[in-house]
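Here is the structure we will look at.
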Amino acid sequence: MTYTVGRYLADRLAQIGLKHHFAVAGDYNLVLLDQLLLNTDMQQIYCSNELNCGFSAEGYARANGAAAAIVTFSVGALSAFNALGGAYAENLPVILISGAPNANDHGTGHILHHTLGTTDYGYQLEMARHITCAAESIVSAEDAPAKIDHVIRTALREKKPAYLEIACNVAGAPCVRPGGIDALLSPPAPDEASLKAAVDAALAFIEQRGSVTMLVGSRIRAAGAQAQAVALADALGCAVTTMAAAKSFFPEDHPGYRGHYWGEVSSPGAQQAVEGAEGVICLAPVFNDYATVGWSAWPKGDNVMLVERHAVTVGGVAYAGIDMRDFLTRLAAHTVRRDATARGGAYVTPQTPAAAPTAPLNNAEMARQIGALLTPRTTLTAETGDSWFNAVRMKLPYGARVELEMQWGHIGWSVPAAFGNALAAPERQHVLMVGDGSFQLTAQEVAQMIRHDLPVIIFLINNHGYTIEVMIHDGPYNNVKNWDYAGLMEVFNAGEGNGLGLRARTGGELAAAIEQARANRNGPTLIECTLDRDDCTQELVTWGKRVAAANARPPRAG
Ligand code: TPU
Ligand code: MG
């Protein structure tokens, strides 16, 4: 056997379509990294720390469908676990691989570096089980193929992260070669009887109602059912709304599209389209506290049909064993038209008039200029903060994508995620909106964009604080130490990169900076936009009050 455990893993990762994997080196994973390098179909990409490594992989999975990150034991893996939690929350198959102690040290009473200083090394695997769909420890080459295949197959099937740890002396141990990948990826057969019953119940649901609206949720991407949702919308002719976290998951130029439904902070007309309909067809939604605006806008009950990736609930019955794509296709083929909710006219976003070029820059003018930059080839990554609200209300051309992390909501996610996404999809235009507070968590990953000559345009919104938190609950903890954000680009270039740092204090300066950014094709451009601390969208103010009220509910008595 001339193959090794590490090479087996490398082949499998390449077979599932990875052209890159992300890594931070450490002595428990060095042999594994050597083995991975032998597969020339994949490039090894280095990150500044393991949190960023995990988020870079998460962003890569958004563009590529799956990703892998390789870290060292405990000091590395425990940082990466946060990003793994994010991948779980956001339904992304990120495979985290940790180097692990030498197999001879397990169960011997030896104390090893990078560990808790106790003699049981099982804690990391135990922790990983809580935040992954599959977790395995490889301490012998013989069972490595089965464990590697199990972890990869489960991650891809569940669209959730998975975990492997590989003893450092096993990564280079002789192992068989992997065969073809198809057998590993074939989906479980859906249940035809259940599908038929669900479609019949759904047809009855629609026929009994004069008006229906479709509401598209964020898990539709993991379900791979975006095209099927469009087909159903065509057949029904009804109004279609998206949830905020599903921004860009339904084409906004579709004749039925009526904007985003987000309770009180919906786009004009969208709240009426959903709450005034006799039936709401919810496709893969996540109704959390943020999405329901502090539990004030939560479609449920008899007038809701809930379509999830593997189940449909309608008319008080849950039908399991269904593939959402089959269900939507079948329903579209048989349903009757229900266009009452779409008669109100097409979706238009309120237009902000251009500000005078010399006037101090404000949020509305900044958002207007960023919105004007979007093309069908743009991927806009928007960080937690007012960037969410700015991105969600932008009108997207067909093909433009928006990446949000609304379920996990880890500030700082967007910088490494945009890096990973840009690496996976270099043919697209990458735009990032990130607040000052968020940026300070993961700023150093901009250096990797420089290292790989990625022309990401970064709008750094310097409003001198955690404005989203200011709107929910203010205090001195919401102030942020100012940085020279634009000046950082020279620091990261260190005389050998093409990063560009610019400042915009007026609309005119922002327009000029955007022109320079578009011309800078060989590296990222960071445009520091200076705003007042309390200058934000009205949606954030309204939503913030609701969320604060939900947080402030007193404990139940008794
Ligand atoms: O636009 P703006 O000012 O709201 O954005 P910025 O400056 O990025 O501030 C974000 C403030 C924020 C915090 C501190 N949003 N959520 N949080 C809480 C939080 C703390 N730690 C992590 C890892 N994630 C969080 N969401
Ligand atoms: Mg801020």
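Across all Cα pairs in region 312-398, the calculated P(r) in 5 Å bins from zero up to the longest distance comes to 2, 9, 14, 13, 12, 11, 13, 11, 6, 4, 3, 1, 0 percent per bin. Which percent of the Cα-Cα distances in the chain go past 43 Å? So the pairs more than 43 Å apart make up 22 percent of the total in the chain.
Round to the nearest 10 and report in Å² the accessible area of Asp302, as given by a 1.4 Å probe over the protein chains' heavy atoms. The accessible area of Asp302 comes to roughly 130 Å². Computed from point charges on the beta carbon alone (+1 for Lys and Arg, -1 for Asp and Glu), the dipole magnitude for region 439-535 about its Cα centre is near 220 Debye. As I understand it, the dipole of region 4-103 uses +1 on the Cβ of Lys and Arg and -1 on the Cβ of Asp and Glu, about the Cα centre. Which of Val75, Gln35, Asn91 lies farthest toward its positive end? Sorting the options by dipole projection puts first Asn91. Of the residues His130, His20, His310, the one with the largest accessible area comes first in the ranking His130, His310, His20, computed with a 1.4 Å probe on protein heavy atoms. Positive end of the dipole of the chain (Cβ unit charges, origin at the Cα centre): among Ala318, Phe205, Ala422, the Cα lying farthest that way belongs to Phe205.
The listed peptides 419-429, 364-374, ordered by packing as a protection proxy, come out as 419-429, 364-374 (highest mean of other Cβ atoms within 10 Å first). If r is the Cβ-Cβ distance from Asp534 to Val75 and R0 is 51 Å, what FRET efficiency results, to the nearest 0.05? With R0 = 51 Å, the Cβ-Cβ based efficiency is 0.80. Radius of gyration over Kirkwood radius for region 162-307, both on Cα atoms: the Rg/Rh ratio is 1.15. The length gained on full extension between Lys481 and Asp27, counted as 0.36 nm times the residue separation minus their Cα-Cα distance, comes to 159.9 nm. Near Gly412, the amide H atoms lying under 5 Å from its own belong to Thr384; only residues 5 or more places off or on other chains count, and H is placed 1.01 Å from N. Figure note: Phe205, Phe492 ranked by solvent-accessible area, largest first, 1.4 Å probe, ligands and nucleic acids not counted: Phe492, Phe205.
Taking only the Cα atoms of region 229-336, the radius of gyration and Dmax are 13.4, 37 Å.
Given +1 at the Cβ of Lys and Arg, -1 at the Cβ of Asp and Glu and no other charges, the dipole of the chain around its Cα centre is 1060 debye to the nearest 20. Temperature 25 °C, viscosity 0.890 mPa s: under these conditions the Stokes-Einstein estimate for region 231-289, based on its Kirkwood radius over C-alpha pairs, is 208 µm² per second.
Given a 1.4 Å probe and the protein chains as shown, Lys481 ends up with an accessible area of around 150 Å². The mean accessible area for residues of the chain, using a 1.4 Å probe and ignoring ligands and nucleic acids, is 39 Å² per residue. Taking the Cα centre of region 62-183 as reference, the dipole from Cβ charges on Lys and Arg (+1) and Asp and Glu (-1) amounts to some 380 debye. Where only DSSP H runs of four or more residues are counted, the chain gives -10500 deg cm²/dmol as its mean residue ellipticity at 222 nm, each run worth -39500 (n - 2.57). Normalising by residue count, region 384-454 has a Cα convex hull of 89 Å³ per residue. Thr358 contributes about 120 Å² of solvent-accessible surface, heavy atoms of the protein only, 1.4 Å probe. Taking Cβ separations below 4.7 Å as the criterion for a possible disulfide partner, the isolated cysteines in the chain are Cys133, Cys168, Cys175, Cys238, Cys282, Cys529, Cys536. Ellipsoid fit via the Cα gyration tensor, region 461-558: semi-axes of 37, 15, 12 Å, each the root of five times an eigenvalue, largest first. Scaling the Cα radius of gyration of region 315-465 by the globular reference 2.2 N^0.38 Å produces a ratio of 1.32. Based on alpha carbons, the Rg and Dmax found for region 113-158 are 12.5, 37 Å. In whole percent, how big is the carbon plus sulfur part of the accessible area of the chain, probe 1.4 Å, protein atoms only? Carbon and sulfur: 52 percent of the exposed surface of the chain.
Among the listed pairs Lys247/Lys395; Lys247/Lys481; Lys159/Lys247, those whose Cα-Cα separation exceeds 21 Å are Lys247/Lys481. Directionally averaged projected area (region 89-143, Cα convex hull): 4.7 nm².
Remark: relative contact order (the chain) = 13 percent; criterion is Cα-Cα distance under 8 angstrom and separation of 6 or more residues.
A quarter of the convex hull surface defined by the alpha-carbon atoms of region 125-199 gives 6.8 nm² as the mean projection.
Between Pro178, Gly107, Leu164, the Cα set farthest toward the positive side of the dipole of region 104-181 (charges on each charged residue's Cβ, about the Cα centre) is that of Pro178.
The values are calculated or read from the model by the stated rules, or taken from the named source; none is laboratory data. Quick caveat, the model's predicted, so the values are computed rather than measured. Heads up, the Cβs are rebuilt from the backbone with ideal geometry, glycines too, and the neighbour counts pull from every protein chain shown. Accessible surface is based on the protein model in full, side chains and every heavy atom, while ligands, DNA and RNA are left aside. Shrake-Rupley method; radii C 1.70, N 1.55, O 1.52, S 1.80 Å.
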